[in-house]
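For reference, the structure discussed in these notes is given below.
The values are calculated or read from the model by the stated rules, or taken from the named source; none is laboratory data. Keep in mind that this is a model prediction, so the values were computed, not measured. When we count neighbours, we look across all protein chains shown, and the Cβ atoms used for this are built from the backbone with ideal geometry, even at glycine. The area values use the complete protein model at the heavy-atom level, side chains included, leaving out ligands, DNA and RNA. Shrake-Rupley method; radii C 1.70, N 1.55, O 1.52, S 1.80 Å.
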Amino acid sequence: STTTPEFLSSLPCHNYTSLTIQYGKGIPPSFPSCTNLQRTNDGVMTCFLENQTIKCQAYRFKPSLLTDISTASLILSHAGAGSIMEGLSFPSVKKKVVVVINSQLMNNHQLELAHAMKSRGYLFVLEHPEEVRERNVME
């Protein structure tokens, strides 16, 4: 849902100019709302929306997400333990971490971990992807 027209067009409204997506074993993201999508050899895509430009980067895996995390203003992730721990790996620079629970995985184990971390004030938890827009977590 991070490549929907609604989500992409909301990024500039919150002063975000880029989007980096790690899609893992999933399907590479498509950007149907882009009027012109330019790709470079290094995986960076520039998505042109109506009167807006968003730099998008998508990749399967990297050995570490620390470089992406260090430059991020907002970390929006699934609620897996590894993703949460990497998202919180910069204690000296407080990053806003928002996790979306995938309730279909292994007896919903992400729910327990995410809520435990939320109760300690480390992150924000969303139960469903649609809540990104509904709960206005990008501010």
Q.
Considering only residues that are modelled with pLDDT under 80 and assigned to a loop (DSSP other than H, G, I, E, B), which ones fall in the range 48-61?
A. E50, N51
Q: Identify, from the list S89, S73, S103, S77, the residue that is of a type in the set (G, A, S), at pLDDT 85 or above and open to solvent by 30 Å² or more (accessible area, probe 1.4 Å).
A: S73
(Q) Show the residue pairs meeting these rules: Cβ distance below 8 Å; 6+ apart or different chains; first residue within the range 94-113 and farther than 13 Å from H78 by Cβ; second residue assigned to a helix (DSSP H, G or I) and modelled with pLDDT of 75 or more. (A) K95/I69; K95/G87
Q | the range 13-44: number of residues that are closer than 17 Å to S1 by Cα and either in contact with a Pro (Cβ under 8 Å, 6 or more places away or on another chain) or at pLDDT below 75 (or both) | A | 4
Q: For residues that are within 26 Å of L66 (Cβ to Cβ), of a type in the set (V, I, T) and open to solvent by 30 Å² or more (accessible area, probe 1.4 Å), tally how many sit in the range 3-35.
A: 3
**Q.** Count - residues of the range 36-45 that are farther than 27 Å from E139 by Cβ and open to solvent by less than 50 Å² (accessible area, probe 1.4 Å)
**A.** 1
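Is the range 1-11 home to any residue that is acidic (D, E) and touching a residue at least 40 places away in the same chain (Cβ under 8 Å)?
Narrowing the range 1-11 to residues acidic (D, E): 6.
Pick out the ones that are also touching a residue at least 40 places away in the same chain (Cβ under 8 Å) and you get 6.
Yes, the range 1-11 has at least one match.
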**Q.** Which numbered condition S83 misses (of (1) under 14 Å from the mean Cα position of the chain (by Cα); (2) open to solvent by 50 Å² or more (accessible area, probe 1.4 Å); (3) among the hydroxyl-bearing types (S, T, Y))
**A.** (2)
(Q) Quick check on this structure: which one of S103, S64, S77 is assigned to a loop (DSSP other than H, G, I, E, B) and within 16 Å of the chain's Cα centre (by Cα)? (A) S64
